[in-house]
1. Could you list, in sequence order, the residues of the range 198-236 that are among the β-branched types (Val, Ile, Thr) and in contact with a strand residue (DSSP E or B) (Cβ under 7 Å, 6 or more places away or on another chain)?
2. Collect the residues in the range 147-166 that are in a strand (DSSP E or B) and either touching a Leu at 6+ places or on another chain (Cβ under 9 Å) or over 19 Å from Val104 (Cβ atoms) (or both), keeping them in residue-number order.
3. Check Ala142 against each of (1) touching a residue at least 40 places away in the same chain (Cβ under 8 Å); (2) open to solvent by 50 Å² or more (accessible area, probe 1.4 Å); (3) hydrophobic (A, V, I, L, M, F, W, C) and name the one condition it does not meet.
4. Could you count how many residues in the range 135-146 are in a strand (DSSP E or B) and over 30 Å from Val186 (Cα atoms)?
5. Consider the range 172-228. How many of its residues are among the polar types (S, T, N, Q) and within 28 Å of Lys148 (Cβ to Cβ)?
6. Among the residues of the range 100-111, write down those that are at pLDDT 95 or above and in contact with a Phe, Trp or Tyr (Cβ under 8 Å, 6 or more places away or on another chain).
7. Would you check if Asp26 is assigned to a loop (DSSP other than H, G, I, E, B), at pLDDT 95 or above and surrounded by 12 or more Cβ atoms within 10 Å (Cβ to Cβ)?
8. Could you tell me which numbered condition Lys156 fails, if it satisfies all but one of (1) under 30 Å from Asp203 (Cβ atoms); (2) open to solvent by 10 Å² or more (accessible area, probe 1.4 Å); (3) touching a residue at least 60 places away in the same chain (Cβ under 8 Å)?
Amino acid sequence: AYRPNEMAVVGAVCAGRKEDVMDRIDPHRIALLAVAWLAFAATALADETCNSPYISKLINGQEDFVYVWTLGVEGLGDGSDKLVTVDANPKSKSYGKVIHKVSVGARGEAHHMGFTDDRRYLWAGGLNDSKIYVFDVGTNPAKPKLIKTIADLPAKTGYVGPHTFYAMPGRMLIGTLSNTKDNGGVTGIAVYNNKGGFVAKYDIPTTKIGDVQGDGYGYDIAINPSKNAMLTSSFAGRENYMRD
């Protein structure tokens, strides 16, 4: 969701405990999920604990737009994945309606998206074709624009299935689900700069640390700067998640 001067959450909004909150938002705000409309009247304080802590500025008050990263369906429209903008301002005449859409010209199993640290750009990916799309949502929030398509993730990293887009200062961490070798679950984390240039790759460990044997699987990413720690979770490889 986005408003002209303040951006909010895309993908998830979580209620946080008071001691976890880095900043405060209006307790009566409406929280919006990008994949499903979720509204609640918050009686307790809430924050953006599902977003990267490196993303600047919490939103206060009512969001103006919701961005929905949608799956293309053969025979429906142009059949391609799209970024759809929905008017979320209750005072607007087009409230609750689609006001803009951007087709990426491909059907790649659209899944998640995430803001860059400055909240001016949204990165979205396809689990199947491994393409990554960068949308400018800062110039004209009502009409996002596709400004870059990144297609070199498999070639640069050996990973496929970009799943999680997690902002760091000037960087985007991309948690992936699979690999080019066998389409199994062993994978890693790719790092790109905010301009879309490849920076580095980090394999999920398959080594043994203490009594725990790493399996190399990946999924989500979360960072706690105060603990100097990053956690990942795991799911399944491309061969599994793309089954009929």
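The values are calculated or read from the model by the stated rules, or taken from the named source; none is laboratory data. As the structure is a computational prediction, the values presented were derived from the model and not from experiment. Neighbour counts run over all protein chains shown; Cβ positions are idealised from the backbone, glycine included. Surface areas here come from the heavy atoms of the whole protein model, side chains and all, with no ligands, DNA or RNA. Shrake-Rupley method; radii C 1.70, N 1.55, O 1.52, S 1.80 Å.
1. Residues of the range 198-236 among the β-branched types (Val, Ile, Thr): 199, 204, 206-207, 209, 212, 221, 223, 232.
Result: Val199, Ile204, Thr206, Ile221, Ile223, Thr232.
2. Pass one, the range 147-166, residues in a strand (DSSP E or B): 147-150, 159-166.
Listed by number, the residues that qualify are Tyr159, Val160, Gly161, Pro162, His163, Thr164, Phe165, Tyr166.
3. Single failed check for Ala142: (2).
4. First pass over the range 135-146, keeping only residues in a strand (DSSP E or B): 135-136, 145-146.
Restricting the remaining residues to those that are over 30 Å from Val186 (Cα atoms) gives 136, 145-146.
Residues flagged as in a strand (DSSP E or B) and over 30 Å from Val186 (Cα atoms) within the range 135-146 amount to 3.
5. Selection size over the range 172-228: 8.
6. Hits for the range 100-111 are Val102, Val104, Ala110.
7. Details: assigned to a loop (DSSP other than H, G, I, E, B): yes; at pLDDT 95 or above: no; surrounded by 12 or more Cβ atoms within 10 Å (Cβ to Cβ): yes.
Spelling it out, it is not the case that Asp26 is assigned to a loop (DSSP other than H, G, I, E, B), at pLDDT 95 or above and surrounded by 12 or more Cβ atoms within 10 Å (Cβ to Cβ).
8. (3)
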